[in-house]
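Read through the structure below, which is laid out as structure tokens, and then see the notes.
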Amino acid sequence: VGVGRGYCNTRMLQRAAAAAAPKRWWLANSGSAPLLAPAYAAHQRSVPRLPIPPLGETLERYLRAAQPLQTLEEHSATRAAVAQFFDTDGPGLQRLLEEADAALPHDSSYLESLWYRLAYLGPRSPVPIHANPCFTLAPPSRHTPPLERAAGLLAKAAQWAHALRTGTLTAPTAKGGSPLCMALLPAVLGTARIPRQGCDVLHSASAPDAAAVCRRGEWYSVPLFDATGAPLPPATLLDSLKQLPPAAAHAPAVGALTAWRRDEWAEARAALSSSPQNESSLKAIDEALLVLSLDDSAPASPTELARASLCGDATARWYDKLQLLVFADGQAAINFEHAPQDGAQVVSLASHLAEAGEHEAGEHEAGGGRAAARSFR
């Protein structure tokens, strides 16, 4: 609906109604869907669905929102257009939207495809700043060396993922006890945004079991779970991180490409993927549980930490996934690709990470850690 000119774009609204396809967006467009453990089925059924307001209420809300942005003449024209829409195309489109929404699963809604396509995956701007948020994590009560801090955070992330997979993570509720939807939680970890011309796609690994670690432009896979699927202890992960070799003098800064405009990054990724070695390394990053960036900088103030966490050294980042950032002085943060989840879901993970004990990495015998190089050329 055009605010300034005062007209209703019926074609836009028809596309919006058609976007609520009878199949869940993840299944229809990504080929892989992160699913909740069966233990949460009853909780999900108790979550109320997002309602579709009556057409008249929607149009009144629109007029209230438009009024401060318009002159009296413009607003009068908009009111006339809205009235015409209410008497002509509006009721039919409202009915189409309601029918499409009714065909969707209980934990989906008509907004889902609009969220993915129009709000995040469709825009061609770089994702740093424009889309990716960040959280800075409170420091532990004692100074913790960066590799020890990283090992503790990786262990906590693996524990959170394991609890979600096994149905032992506490189901979230609002302050009054009302159930909150968990449908997006499985996408917090193990999901990657893949650049494509025109509109990106999401890919969710079926059982991600490793972290993709970036150190001075070089990439490594570090296992986070043992052979039984149990999370590895912090000391084992610390041993793996200590095995990472010094980076080569001229490591290819592939991560910087994820900060590029999306169509340009899609073209560059296609060229990279022509090499089997590169394709294998890209797949290892895409299907990792998360990215760990070991950053050589040491932000000297909260402002510098926030800036480095939001849009720091792109050669040491992978903006297409959730990434833990650990700096040279042990400070830490999260930067996450926004499309597969909202902030509330990442807060659940961040709250768990904040519980990382200051002596955690010393509570288990070290040994058994390993890391595999993921190189590009």
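The values are calculated or read from the model by the stated rules, or taken from the named source; none is laboratory data. A quick note: this is a predicted structure, and the numbers were derived from the prediction, not measured. Here the Cβ positions follow ideal geometry from the backbone for every residue, glycine too, while neighbour counts run over all protein chains shown. The area values use the complete protein model at the heavy-atom level, side chains included, leaving out ligands, DNA and RNA. Shrake-Rupley method; radii C 1.70, N 1.55, O 1.52, S 1.80 Å.
Taking the full set of protein chains and a 1.4 angstrom probe, give the accessible area of Thr58 in square angstrom, rounded to the nearest 10.
Rounded to the nearest 10, that gives 60 Å².
Between Leu96 and Leu35, what is 0.36 nm times their sequence separation minus the Cα-Cα distance? Round to one decimal in nm. Provide the component values of the computation, followed by the final result.
Details: separation 61, 0.36 × 61 = 21.96 nm, distance 2.79 nm.
Full extension of this stretch gives 19.2 nm more.
Efficiency by 1/(1 + (r/R0)^6): what FRET value for Lys242 and Gln197, r their Cβ-Cβ distance, R0 = 41 Å, to the nearest 0.05?
Values: r = 42 Å, r/R0 = 1.01.
Efficiency for this residue pair is about 0.50.
Under a no-solvent Debye model with one identical scatterer per Cα of the stretch 51-143, what's log10 I(q)/I(0) at q = 0.23 Å⁻¹?
Relative scattering, expressed as log10 I(q)/I(0), comes to -1.12.
For Ser280 and Ser125, what is the calculated FRET efficiency with R₀ set at 25 Å and r taken between the beta-carbons, to the nearest 0.05? Walk me through the intermediate numbers first.
On the way: r = 29 Å, r/R0 = 1.17.
Between Ser280 and Ser125 the formula returns 0.30.
What trypsin sites (Lys or Arg not before Pro) does the stretch 237-308 have in DSSP loop regions with at most 15 other beta carbons within 10 Å? Working shown, then result.
Numbers: sites: Lys242, Arg261, Arg262, Arg269, Lys283, Arg307; in loops: Arg261.
Sites meeting the loop and neighbour criteria: Arg261.
Binned at 10 Å from 0, what are the whole-percent values of the Cα-Cα distance distribution for the stretch 186-256, short to long?
In order of increasing distance, the bins hold 16, 37, 34, 12, 1 percent.
Mind checking the stretch 287-362 for GluC sites (Glu not before Pro) that DSSP puts in a loop (not H, G, I, E or B) and that have at most 15 other Cβ atoms within 10 Å? Intermediate results must be reported in sequence, preceding the final value.
Numbers: sites: Glu287, Glu304, Glu337, Glu355, Glu358, Glu360; in loops: Glu287, Glu337, Glu355, Glu358.
Here the GluC sites (Glu not before Pro) that fit, given the DSSP loop and packing criteria, are Glu355, Glu358.
Once amide H atoms are built 1.01 Å from N in the peptide plane, which residues 5 or more positions from Arg374, or in another chain, come under 5 Å H to H?
When sequence neighbours closer than 5 places are left aside, the close amide H contacts are Trp219, Tyr220, Ser221.
Where in the stretch 92-177 are there trypsin sites (Lys or Arg not before Pro) that are in a DSSP coil and have at most 10 other Cβ atoms within 10 angstrom of their Cβ? Don't skip to the end; give the middle numbers.
Details: sites: Arg95, Arg117, Arg124, Arg142, Arg149, Lys156, Arg165, Lys175; in loops: Arg124, Arg142, Lys175.
Hits after loop and neighbour filter: Arg142, Lys175.
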